[in-house]
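The values are calculated or read from the model by the stated rules, or taken from the named source; none is laboratory data. Please read all numbers here as calculations on a predicted model, not as lab measurements. Reconstructed Cβ throughout: ideal geometry from the backbone, glycine too, with neighbour counts over all protein chains shown. Calculation scope for accessible area: heavy atoms of the full protein, side chains included, ligands and nucleic acids excluded. Shrake-Rupley method; radii C 1.70, N 1.55, O 1.52, S 1.80 Å.
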Amino acid sequence: MSEQRALLCDTAEAVFAEAVVEGMAPIEAAGFDQLLVPEAEGGFGGDWGDLFAVLRIAGAKVPHLAVGERIVGGEISRPIGAFILVAQAAGAMDAALAMSIDYVNTRQQFGKALGKFQAVQQVLAIFAVEAAAVNVAGAAAAAALDKAGGDAEQALFEIAAAKLRTNKAIGQATSIAHQVHGAIGFTREYDLHKLTGPLLDWRSDHGNDAYWADLLGAMAADLGGVGLWHEVTRRG
Amino acid sequence: MAGNAMTMQQSFTIFPFDPPGDVAKLRAEVRAFLAQHEAKLGVPNCWVVGDPEFSRALGAAGFLGMILPKEVGGHERHPLERYVVIEELLAAGAPVGAHWIADRQTAPLILRYGSEEAKQRYLPGICRGEIYTCIGLSEPGAGSDLAAVRTSARQTAEGWRISGQKIWTSGAHLSHVMLALVRSEEGSERNAGLSQFLIPMDAPGLTIKPIIDMAGEHHFNEVFFDDVLLPEWAMVGTRGQGWVQATAELALERSGPERYLSSHVLMTALIDAAGPNPEPQIKARIGELTAELWTLRQMSLSTAAKLAAGEDPMVEASMVKDLGNSFEQALPQRVQALVDCPSTRDDDLARLMRALLIAAPSFSLRGGTREIIRGIIARGLGLR
Ligand SMILES: Cc1cc2nc3c(=O)[nH]c(=O)nc-3n(C[C@H](O)[C@H](O)[C@H](O)COP(=O)(O)OP(=O)(O)OC[C@H]3O[C@@H](n4cnc5c(N)ncnc54)[C@H](O)[C@@H]3O)c2cc1C
């Protein structure tokens, strides 16, 4: 991670932690609305990778706030909206994973921590792989947007693939998170739903599975079998 | 909110895949090579299908031993350049099985740990696509529990004496030499007291017995050692350090793109059969498969980059293998559920689908089972 991005992440951690207490995110006060504005225009001059990093943190800390839309500003197209949700989902999923690991390491049944049971370990491994897939897909979509100078149409292949993959992961990850938490995770009082609730919403927003599968499927069919491989490798 | 106090955790460390040189040119070279051998392509599960003629042609074209030094016939290319070459070969379904293990893991292990004699004897032939190797890890009593190996090496005045048995040895009958993990310290337990040896497959006292797999093919074998005599130079690395070395070997064995591309030719055939305007249901499935394939490739690229940067990608490689095996394993069944392929249908798509339906159970066994791989991931999560 570049030094600039590390600093940005530190700021985001602090700002969003505060936002949890305040109930609102001081996007403008923190200067996040200037994130993608070029330095020459007095902005921060960040790239889409930087935005991805900040939105991951937003997704983990303040998933109920529409942070991404406010950072990007203006009218949000569906592909850009989808990218924002992928980034937030990457963070929310890693946070729900960390919460689940923490929980099974603490909660005791049958005289030992739940995390010592192999069945529990194996489902959390599946969860971790799904979270990893979303994080990698999101980072790659950000890289594609950077390559395309922010033109979402040019990065549509990656955005479609990343959102579709994220949608799929949300189904599996939220189920496992709740399963390992038992009844406590099904309460209003316990914080897990603050992550899983938004995650489930994000699966519908800015294109559900059917929408992106149709769009990406049309692209792939049009390319043909070998053509798809050539396109995938050409895009990087 | 969860994790407020701690800094954000990350489930996967992302490394940029950035090979040196002109990658597009390299890719074009591989594709031009493949075009010359078109009749041999399109093989399902192609990295276990051997074709010595093809391997020699690859060697002559400079696509084997790419990361080895020139002194031993290698090409001193970057590991990520090698990655570009092998992903192209796999995607095309090229019959790379003869040399696959030698090029992927045995050669790098010999280079890193082997004696001078071993390097001179084997590496140039591996680079030419003429010398093939096999993996001697599993034994009847040591499957997932590899530390239970019992095959022994005894030091004598004439050299080392190997006794015991390996099993499931892929391509033993086509190989020139096995890299085996054996117990060199009598009375040692578990992962202590193990060493690695290079065992020539024509050594007196070594017998190979075929095991026919469920597809009816002769692919793996039992290999018996009856007091097989080995010279001193056959020991690889440090006596008693076999476990650590075998772990390094497994990192190479488990981290590559073959862990998600074994069924890729079927994906290609599915898309071609569907045509440019498929019906909605098929189009949607192709979209889903494309998203999964693309994501897996990104994960695999990052893992390769981490390995090339000299870091240990044990957890990332396990994640790619787990997800990749599930993807390549499910693909033939997903095609089966989608496309009408009665067992009498005999076009490309149906043929590939049937071959992969039968081959697929092995995908999550070979190279470490799904359960063992998930155990490694769970350890990375701090659960064990
Ligand atoms: C096609 C193919 C090629 C192969 N080629 C080679 C080769 O070239 N060289 C070589 O050395 N080996 C080779 N193998 C062997 C392979 O490495 C082993 O099959 C594998 O390690 C599993 O060992 P096993 O078959 O004895 O199964 P077992 O270890 O007996 O496992 C059976 C089942 O029990 C599960 N299990 C075992 N232990 C645990 C545990 N602790 N917790 C939870 N579940 C567990 C496993 O996951 C599996 O589902 C090959 C295998 C195949 C299928």
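Name the residue, out of A:E18, A:E41, that is within 11 Å of chain B (Cβ to nearest Cβ), farther than 22 Å from A:M93 by Cβ and of a type in the set (D, E).
A:E18
Can you say whether B:E288 is within 30 Å of A:K112 (Cα to Cα) and open to solvent by 40 Å² or more (accessible area, probe 1.4 Å), as far as the supplied structure shows?
Taking the combined requirement at face value, the residue does not satisfy it.
For the structure I just gave you, tell me whether B:L206 is touching a Leu at 6+ places or on another chain (Cβ under 7 Å) and surrounded by 17 or more Cβ atoms within 10 Å (Cβ to Cβ). Write out each step before concluding.
Values: touching a Leu at 6+ places or on another chain (Cβ under 7 Å): no; surrounded by 17 or more Cβ atoms within 10 Å (Cβ to Cβ): yes.
When the stated conditions are applied, B:L206 does not pass them.
What are the pairs, 6+ residues apart or on separate chains, where a residue within region B:355-384 that is more than 9 Å from the ligand (Cβ to nearest atom) has its Cβ under 7 Å from a residue that is among the polar types (S, T, N, Q) and part of a loop (DSSP other than H, G, I, E, B)?
Short answer, once both residue conditions are applied: B:L356/B:N45; B:L356/B:S263.
In the set A:I101, A:I57, A:I84, A:I71, which member is open to solvent by 10 Å² or more (accessible area, probe 1.4 Å) and either facing chain B (nearest Cβ under 9 Å) or under 23 Å from A:M24 (Cβ atoms) (or both)?
Values: A:I57 fails: open to solvent by 10 Å² or more (accessible area, probe 1.4 Å); A:I84 fails: open to solvent by 10 Å² or more (accessible area, probe 1.4 Å); A:I71 fails: open to solvent by 10 Å² or more (accessible area, probe 1.4 Å).
Only one candidate qualifies: A:I101.
Tell me whether region A:102-116 contains one or more residues that are at positive phi and modelled with pLDDT of 95 or more.
Among the residues of region A:102-116, at least one is at positive phi and modelled with pLDDT of 95 or more, which makes the answer yes.
Suppose the filter is under 17 Å from the mean Cα position of the chain (by Cα) and open to solvent by 20 Å² or more (accessible area, probe 1.4 Å); does A:N167 pass it?
no
Given the criteria open to solvent by less than 50 Å² (accessible area, probe 1.4 Å), within 24 Å of B:F197 (Cα to Cα) and hydrophobic (A, V, I, L, M, F, W, C), does B:I67 qualify?
no
Which residue pairs have Cβ atoms under 9 Å apart, sit 6 or more places apart or on different chains, and have a first residue in region A:186-208 that is within 19 Å of A:A66 (Cβ to Cβ) and a second that is among the aromatic types (F, W, Y) and surrounded by fewer than 21 Cβ atoms within 10 Å (Cβ to Cβ)?
Going by the 9 Å Cβ cut-off, the qualifying pairs are A:H193/A:F186.
Checking the conditions here, which among A:A213, A:A162, A:A139 is open to solvent by 10 Å² or more (accessible area, probe 1.4 Å), under 30 Å from A:D47 (Cα atoms) and at the interface with another protein chain (Cβ under 10 Å from one of its Cβ atoms)?
Details: A:A213 fails: open to solvent by 10 Å² or more (accessible area, probe 1.4 Å); A:A162 fails: open to solvent by 10 Å² or more (accessible area, probe 1.4 Å).
Result of the check over A:A213, A:A162, A:A139: A:A139.
Using the structure shown, decide if B:A330 is surrounded by fewer than 21 Cβ atoms within 10 Å (Cβ to Cβ), more than 13 Å from chain A (Cβ to nearest Cβ) and more than 16 Å from the ligand (Cβ to nearest atom).
Numbers: surrounded by fewer than 21 Cβ atoms within 10 Å (Cβ to Cβ): yes; more than 13 Å from chain A (Cβ to nearest Cβ): no; more than 16 Å from the ligand (Cβ to nearest atom): yes.
Criteria not met by B:A330.
I want to confirm something. Restricting to region B:189-203 and keeping residues that are small (G, A, S) and either touching a strand residue (DSSP E or B) at 6+ places or on another chain (Cβ under 9 Å) or not assigned by TED's automatic domain parsing to the domain that holds B:S152 (or both), which single residue is surrounded by the most Cβ atoms within 10 Å (Cβ to Cβ)?
B:S195
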